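Shown next, in C-alpha cells, is the structure this report addresses.
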Amino acid sequence: MVFNRVEPRKFMGAVVMGWGLSVTFAGFCHKFSSLVVTRILIGFFEAGMFPGCMFLISAWYRRHELLSRMAFFLVANDVAGTISGLLGAGLGSLDGVGGYSGWSWIFFIEGSITCSAAVLAWFFVPPFPEKATFLQPSEKEWVLRRLKADNGGFKHEKMTHKGVLKALQDWKVLTAGVLYLAVCTTAYAISVFQPTILATFGWSSFKSNLLSAPPRIASAIVSVLCGIWSDRIQRRGIFCLGGFGVSTTAWTVNQVVGHTKRGTVTAFAGTLGQFGGIISAIAFPSKDGPRYLPGIIICIAFQAVGVVAAINMWVFCSYENRQRAAGKRDHLRELSQEEQDQLGEKHPDFRYTL
C-alpha cells in the first residue's frame, strides 16, 4: 500500500539506506541490548525489501516472463552470500585495527556498501509502467496492453486495507505463505549454520567461511538456468516440487491477478518466510553437533509440508483449467463488461500456471 503514495525508487532507497545504516551502527555495539535494537531495525528495513522488489517486477512482466527475472534478482542473495563469506574471512584479519574487533569491521564495510546501493536505487529503480516517463506513449501503451491481456482483461486497482484483508482470505495466498515458510526454514538453516557445520570437520573459522562460498556459486548458476527453463516451458509446479525455492515465489504470484493480491501474496509469503529464519535459528544448537539430527528432522518436516501444499495447488489449478477449457465457467461471460473486468483470476479466459 506504500507504493500507492510513494514512488518505488524512494521507498526502496529509504529501506535500503535504513538497512545499511543499521548494519553499520551494529559494529559499534558493545552491549547485548544495543545489538538487539540494531537487529530489530535491520529486520524492520529488510522486511520491505523483498516484497517491494517482487511486487515491482511482477508489475512489469507477464506471468510466463517472471521467473527468469526473479531468479536473476534472488540469485543476488547467493552472490552476496559468497562475497560475505569471503569478506568475513578477510575482514576478520582486521581484528584490533583502529581499536575495533574484526566482526565490527565486517559490519562497517558491508553496511557502507549497502548504503551506497541505496543511493543507486534512488536513480535506477524504475516506476510502475503507468508512470514510466522513459517510455514513449506508444511503448507504454504496448506494455500495458500485453499486461492486461495476460491478466484476463483485469484492470489493476489501488491497494486498500479492505482489499488486502479480502486477499488474505484467498486460499492461494495462504498456500503461498506455507510454501515460502517451508522453503525459508531450510534455506536459512543452510545459510546461517553452514560455516558452523563445516567447522565440525575440524577446519578453522577462516577456512569454513571460504568453503561456504562454492555451494552458493552452484546455487546461483542452477537458479538462473532453472528460471529460464521454467519460463520457456511455462511450468512452475514441477520445479517447486523439486525444491527450487525461486519457483515458489513466481508460481504463487502467477496464480493471482491485480496489484492488491500480488502485493499481498508477496508480502504475506515474505512475512511467513521470516518465521522460517526464527525456526532455523533455534533448530541447530551446538549441543546437537556434529550430526544435528533434530534440526535436520525439522527441515525435512517443513519440506514435506511444502510438498503437500505444492501438490494441492497443482491439483486445484489443473482441475480449474480443465473446467474452463470445457466451458464450465462460461456463464460468467453473461456479466456486464465492468463486472467481468473485476473477476481477476476467476475470469473464464484466465488460465492458472501449472
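If you take the residues in the range 62-82 that are over 20 Å from residue 177 (Cβ atoms) and free of Cβ contacts under 8 Å to residues at least 12 places away in the same chain, which one is surrounded by the most Cβ atoms within 10 Å (Cβ to Cβ)?
The residue in question is 80.
Within the range 326-354, can you find the residues that are in a helix (DSSP H, G or I), closer than 23 Å to residue 253 by Cβ and either among the charged types (D, E, K, R) or out of contact with any helix residue (DSSP H, G or I) (no Cβ under 8 Å at 6 or more places or on another chain) (or both)?
Once the filter is applied, which keeps residues that are in a helix (DSSP H, G or I), closer than 23 Å to residue 253 by Cβ and either among the charged types (D, E, K, R) or out of contact with any helix residue (DSSP H, G or I) (no Cβ under 8 Å at 6 or more places or on another chain) (or both), the range 326-354 yields 341, 345, 346.
What number of residues within the range 118-155 satisfy the criterion of being surrounded by 15 or more Cβ atoms within 10 Å (Cβ to Cβ) and in a helix (DSSP H, G or I)?
Residues flagged as surrounded by 15 or more Cβ atoms within 10 Å (Cβ to Cβ) and in a helix (DSSP H, G or I) within the range 118-155 amount to 9.
Only residues that are in contact (Cβ under 8 Å) with a residue 40 or more places away in the chain, more than 22 Å from residue 100 (Cβ to Cβ) and not in a helix (DSSP H, G or I): list them for the range 4-31, please.
Within the range 4-31, 7 is the sole residue that qualifies.
Looking at the range 32-46, can you tell me whether even one residue there is in contact (Cβ under 8 Å) with a residue 60 or more places away in the chain and more than 20 Å from the chain's Cα centre (by Cα)?
The answer is no, given that none of the residues of the range 32-46 is in contact (Cβ under 8 Å) with a residue 60 or more places away in the chain and more than 20 Å from the chain's Cα centre (by Cα).
Exactly one of (1) buried (at least 18 other Cβ atoms within 10 Å of the Cβ); (2) farther than 29 Å from residue 225 by Cβ; (3) without any contact (Cβ under 8 Å) to a residue 60 or more places away in the chain is unmet by residue 102. Its number?
In the conditions (1) buried (at least 18 other Cβ atoms within 10 Å of the Cβ); (2) farther than 29 Å from residue 225 by Cβ; (3) without any contact (Cβ under 8 Å) to a residue 60 or more places away in the chain, residue 102 misses (1) alone.
Looking at (1) closer than 30 Å to residue 261 by Cα; (2) of a type outside the set (S, T, N, Q); (3) modelled with pLDDT under 80, can you tell me which one residue 67 breaks?
Among (1) closer than 30 Å to residue 261 by Cα; (2) of a type outside the set (S, T, N, Q); (3) modelled with pLDDT under 80, the lone unmet condition for residue 67 is (3).
I'm told residue 291 meets every condition in (1) part of a helix (DSSP H, G or I); (2) at pLDDT below 85 except one. Can you identify the failing condition by its number?
Exception for residue 291: condition (1).
Quick one: which residue in 183, 253, 257, 246 is in contact with a Leu (Cβ under 7 Å, 6 or more places away or on another chain), of a type in the set (A, V, I, L, M, F, W, C), at pLDDT 75 or above and crowded, with 21+ Cβ neighbours inside 10 Å?
Just a single option satisfies the conditions, and that option is 253.
Of 76, 71, which residue is among the aliphatic types (A, V, I, L, M), under 18 Å from residue 250 (Cα atoms), part of a helix (DSSP H, G or I) and touching a Ser or Thr at 6+ places or on another chain (Cβ under 6 Å)?
Just one listed residue meets the conditions, 71.
The values are calculated or read from the model by the stated rules, or taken from the named source; none is laboratory data. Everything numeric in this text was worked out from a predicted model, so none of it was measured. Cβ atoms come from the backbone with ideal geometry, glycine included; neighbour counts cover every protein chain shown.
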